[in-house]
Each structure stands twice: as C-alpha cells, then as structure tokens.
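Structure record follows, encoded as structure tokens.
The values are calculated or read from the model by the stated rules, or taken from the named source; none is laboratory data. Note that the structure is predicted; figures quoted are calculated from it, not measured. Cβ placement follows ideal geometry from the backbone for every residue including glycine, while neighbour counts extend to all protein chains displayed.
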Amino acid sequence: MKGIARFLVRMLVLNMVLVPIMVLGPLLYVIPFICIAANPQDNFSALAQLYFWLGPLSTAFWMLVSCHWPTVRRAQRVGRLATWRETEGGIVCTVAKATLYMFGGLFASYVFEVLFVLAFAYVPLASGVARETLGFAIFPFATFAPVILLWLRRWERGRKQGDFISRIKNNRELRDQLQSASLYAKNLRTKDGHGWQEEG
C-alpha cells in the first residue's frame, strides 16, 4: 500500500512540474530575453540546453491537443459531441492517432532543433549578445515547427474547402447537382434502413 501511495505522490509531483511546462511552453521562451537584458555578459548555454530538452515536451502536448481539435470543434458546432469518438473510428483509432501525433511531434521537434543548431553554427555573427538574442528568437520556431506546419496545413486545407463552398454558392448548376446527389443518397439510405427493418 505504501508503494502505491509513493508512486501516486511521485506522479502527482511530476505532473505538477511537467504540465505547466508543456502547456505554457510557448510563453516560456520570453525568459531568455529577460535574462539577456538583465545580464548580457552571462553564459546562457545551460538555459539553451534546458530549452533544447524541454521544448519538445511542449511540442508533443500541443500536437496532442491539435490532433483532434478540428473534428471536436466540428462535432460541437453540429451538436454531435457525444458521438464524436464513434464518428472518428472509436477509442482505438482516436487514441492511436493522438499517440502518433504526440510522439511524431516530439521526434520531429528534436529533429528540427538539431537542424537549427547545425544551421545556426554558420550564422556570421560573432559570439555575444546579438548572436544569443537571435538564437533564442528563432529557436522556438524550430522547436514548434511540427505544430506550426500542422496548423498551416490545416489552414490551407480549410481555405481550399472554403473556395469550393464559395464556388458552390455562386454556381447554380453545381449546387443543383450536389443537391440531387444528396437527395439520391438519402433515398438510398432510407430504402436500406426500411429493408433492414423488414428483414429483422
């Protein structure tokens, strides 16, 4: 019993430490600028190491949140939030997708950070305040690149869907074709539903 209690206390403390870091990760990238402004001649390599290793945890969290956000919001708008998980393939599919996004975001974030560190070595600035400030200013974009790319991809896809909807609104013939196809599909579903009820 003591072992279980000790484990629960450890997990609680770990969550109390990591959850704020993961949720507030993007905002924590302001701290290096305050440190540089307070003491420009200090060595900030330990702070850079800290951000290098903890930043991807925040990226993984935001990838996890971003994974199902659009489908949950869509289900909420149409009033089907209670059946959202079943619509998306059930608990196995939604958890598997969220896990894939989370670990993919974590791994991709480390890859982007390593690429940033390798590329930043070739920046023609002498070491000093300007170089450290520039590094800390660009580094969050490398860390959160998977989230940024996911959001940009979804924005672009939404824009294309928006263009399709505006074309439908302005094209009466296309609107009529889609409406007749929708009615035909509805009639097929209704016939299949009645046929199944008669057999059962």
Flag if ILE165 is under 28 Å from the mean Cα position of the chain (by Cα), at pLDDT below 80 and among the aliphatic types (A, V, I, L, M): yes
Just the residues that are farther than 18 Å from SER58 by Cα and either modelled with pLDDT of 95 or more or surrounded by 14 or more Cβ atoms within 10 Å (Cβ to Cβ) (or both), please, taken from the stretch 130-147. ARG131, GLU132, THR133, GLY135
So GLY90 ticks every box in (1) surrounded by 15 or more Cβ atoms within 10 Å (Cβ to Cβ); (2) more than 16 Å from GLY25 (Cβ to Cβ) but one. Which box is left unticked? (1)
Search the stretch 50-62 for residues that are free of Cβ contacts under 8 Å to residues at least 40 places away in the same chain and pair each with any residue that is part of a helix (DSSP H, G or I) when their beta-carbon atoms are under 7 Å apart and the residues are at least 6 apart or on different chains. LEU54/ILE21
For PHE33, work out the one condition from (1) surrounded by fewer than 17 Cβ atoms within 10 Å (Cβ to Cβ); (2) aromatic (Phe, Trp, Tyr); (3) within 13 Å of the chain's Cα centre (by Cα) it doesn't fulfil. (3)
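If you check VAL123 against the conditions, is it at pLDDT 75 or above, more than 20 Å from ALA48 (Cβ to Cβ) and of a type in the set (A, V, I, L, M)?
When the stated conditions are applied, VAL123 does not pass them.
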Every residue from the stretch 98-110 that is out of contact with any helix residue (DSSP H, G or I) (no Cβ under 6 Å at 6 or more places or on another chain) and over 17 Å from LEU149 (Cβ atoms): THR99
Could you please find all residues in the stretch 15-36 being assigned to a helix (DSSP H, G or I) and either under 11 Å from TYR51 (Cβ atoms) or not assigned by TED's automatic domain parsing to the domain that holds ILE138 (or both)? ILE21, LEU28, TYR29, ILE31, PRO32
